[in-house]
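The values are calculated or read from the model by the stated rules, or taken from the named source; none is laboratory data. All values derive from a computational prediction rather than experimental measurement. Here the Cβ is made from the backbone with ideal geometry for all residues, glycine too, and neighbour counts use every protein chain on show.
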Amino acid sequence: MTADQRIRWLLKPVVFATSLLPAAWYAFAVATDGLGANPIEALNRGLGDWALRFLLIALAVTPLRQITGWNGFARFRRMLGLFAFFYVVMHLSSYVVLDHFFAWKVIWQDILKRTYITVGMLGVLLLLPLAVTSTKGWIRRLGKRWQTLHRAAYIAGIAGVVHFYMMVKADVREPLIYGAILAVLLGWRAVTAMRRRNGRRAARPQAA
């Protein structure tokens, strides 16, 4: 079995099944009344937590590939990014359906009045075109513009951390941890891009 086949037929199914475990756990918890005194809030916050975690994991793929030198990590980036969007949609759906039961006027007022919800909606809107254009067809059509568009994931990550921080109000340790992880991931990208740019500048005089 080749390395490509091991990734496609062994590792990818394992990662896919593992990524579904949080959703399966919450489905079981809802069915068995295992979410405590306020199940809607517990469900909403739990799904939001996993959305942010998967987004950070997806953003960690490139640094891991660069550090380890194993390009196989890149094969999981799209799947993990789509799972981040999946949990974002579930988080948003629990807010719209369970929390407000499609009361669109109240939801719109929430978006306008509560800053943390405004920021959260911004993150959703940023991730939507990324999910739509994640297919191979869109990658071919957009060409180099695809990478530029998908850098919006960085802003979505910032929006997710800020949304979480503003929502918890009191104990901000967890969102601060996520914020620190995001800062490291974005910082790595900034340093790598700077080194690449400096390398190109140094190569120009030699080529001349």
Exercise. With the condition kept exactly as written, say whether any residue in the range 130-144 is in contact with a helix residue (DSSP H, G or I) (Cβ under 8 Å, 6 or more places away or on another chain), under 25 Å from Y87 (Cβ atoms), surrounded by fewer than 17 Cβ atoms within 10 Å (Cβ to Cβ) and in contact (Cβ under 8 Å) with a residue 24 or more places away in the chain.
Key: yes
Self-check item: Checking A37 against (1) modelled with pLDDT under 95; (2) surrounded by 12 or more Cβ atoms within 10 Å (Cβ to Cβ); (3) among the aliphatic types (A, V, I, L, M), the condition it does not meet
Solution: (2)
Quiz item: Given the residues Y95, Y87, Y116, which is the only one that is surrounded by 13 or more Cβ atoms within 10 Å (Cβ to Cβ), in contact (Cβ under 8 Å) with a residue 60 or more places away in the chain and of a type in the set (S, T, Y)?
Solution: Y87
Quiz prompt | Test: residue in the range 166-180 that is among the hydroxyl-bearing types (S, T, Y) and in contact with a helix residue (DSSP H, G or I) (Cβ under 6 Å, 6 or more places away or on another chain) | solution = yes
Exercise. Please work out which residue is farthest from R45 (Cα to Cα), limiting yourself to the range 14-28 and to residues that are of a type in the set (S, T, Y) and surrounded by 16 or more Cβ atoms within 10 Å (Cβ to Cβ).
Key: S19
Quiz item: For the range 197-208, does any single residue satisfy the condition of being surrounded by 13 or more Cβ atoms within 10 Å (Cβ to Cβ), out of contact with any strand residue (DSSP E or B) (no Cβ under 6 Å at 6 or more places or on another chain) and assigned to a helix (DSSP H, G or I)?
Solution: no
Practice problem: May I ask you to list the residues in the range 55-104 that are among the β-branched types (V, I, T) and either closer than 18 Å to G123 by Cβ or within 16 Å of the chain's Cα centre (by Cα) (or both)? | Solution: I57, V61, T62, V88, V89, V96
